[in-house]
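The structure appears below as structure tokens.
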Amino acid sequence: MNNGTGTDMSDGMGDASMTIGAFSKACRLSPKALRLYDELDLLRPARVDPETGYRYYAAEQLEQARLVAWLRRLGMPLAEIRKVGALEPAAAAREIRAFWSRVEAETATRRDLASFLVAHLTPPHPSKETAMPTTPSRLELRYAALSDTGRVRAANQDTAYAGTRVLAVADGFGSGGAPASGAAVEALKFLDREPLTAGSVLNLLEDAVQGATEAVREVAGPTDPQTGTTLTAMVWTGSQLALVHIGDSRAYLLRDGELFRITHDHTVVQSLLDEGRLTPEEATAHPQRTLLAKALTGAGSPRPDIRLHDARPGDRYLLCSDGLPTAVPESTIKETLRTSPTPAEATQSLISEANTSGAPDNVSCVVADVTTT
């Protein structure tokens, strides 16, 4: 089972006669994947031409390459595939069996959650005999925002805001981080005064983000990538929330006692996790876990995530800077949101939890409840 891919790649092996293209077709791994697996020391070529850098593979490596392809189709992370590839067949089989047992357990949990969500989101269909005309309830938001310097930082570069329609958290960085986060949020506040509909809110939000980008550029200067801010914000239409997100601040939804993260971190480490190059355990200790892949900066900003969320009575939304999940586990965040009677009490409790845990970064929270009138 051990692939023996530690072969000296400069010895001109006679059986290393398959080019990367031919080997790719034989094992059904793309050349791009083969180059990645070489870089990760997962599937090394038998020989590399010292002048051209071209990779050559031996026919004996096909079995290992096919195993890698099968395990990737199984969904196994690259770090675990590397471990399995180094084992003898019996031990490798045990590892694969254990991995699949974990997958089946996780799938069962997700299947139950999916069944619950389908049932929860499917509207009832009363018969004509029992259907009664009803007056639809009007939805509204109740909200609170709070920001704290934390226990380690000398200054607070976060900005948190909650208004009639706009909820926002921005986490500034660099020498002008505080003005940058403040400028980004300030650029959204005009939406508090705008008449909004679900059909127009996304276009208005895109315009507002462009304004936020220009405001940050004015603070940072046109060529300074070291000063900028994250931005996670939601805009209320009366029945839906439009979400805009760039960076590693987060938005969560507490619905029927379950907590869902509805944003995706734009960090280098999250990209490595998505590609299977890191495990969640490795990510927590990665030295560059806070390095952003996307943010609003003076040097230009990539397109943020923008989408609509349907709101339901009883929903509770949390927007927070990364200082909260860095210090407080999601299980504690969920329990605090579940048990706090009001948004103001929830924000205070969450920041207190972060400070109790040492709060190495600034901590900002916005909590909003969807209620009926």
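The values are calculated or read from the model by the stated rules, or taken from the named source; none is laboratory data. Bear in mind the structure is a predicted one, so any value in this text is a computation, not a measurement. Cβ atoms come from the backbone with ideal geometry, glycine included; neighbour counts cover every protein chain shown. These area figures cover heavy atoms from the full protein model, side chains too; ligands, DNA and RNA do not enter into them. Shrake-Rupley method; radii C 1.70, N 1.55, O 1.52, S 1.80 Å.
Carbon and sulfur atoms: what percent of the 1.4 Å accessible area of segment 314-373 do they account for?
C and S atoms contribute 47 percent here.
Can you tell me the FRET efficiency between K83 and R151 if r is taken as the Cβ-Cβ distance and R0 is 35 Å, rounded to the nearest 0.05?
With a Förster radius of 35 Å, E is 0.35.
What is the spin-label model distance, in nm, from T164 to R66 if the labels are put 7 Å beyond Cα along the C-beta direction?
6.8 nm
Let me cross-check D315: its accessible surface, 1.4 Å probe, with only protein heavy atoms counted, in Å² to the nearest 10?
0 Å²
Hey, rough spin-label estimate for E282 and A22, points 7 angstrom out along Cα→Cβ, what's it come to in nanometres?
Using points 7 Å along Cα→Cβ, the separation is 3.2 nm.
Describe numerically, in nm with one decimal, the distance between label points set 7 Å from Cα along Cα→Cβ at R193 and at Q226.
So the label points at R193 and Q226 sit 3.8 nm apart.
Step through the table entries K83/K294; K32/K83; K189/K294, compare each Cα-Cα distance with 28 Å, and write down the pairs that go over it.
Result: K83/K294 exceed 28 Å.
What FRET efficiency, computed as 1/(1 + (r/R0)^6) with R0 = 35 Å and r the Cβ-Cβ distance, is obtained for A299 and S200, rounded to the nearest 0.05?
After rounding, the FRET efficiency stands at 0.70.
How much length, in nm to one decimal, is gained on full extension between E330 and T371, taken as 0.36 nm per residue of separation minus their Cα-Cα distance?
12.3 nm
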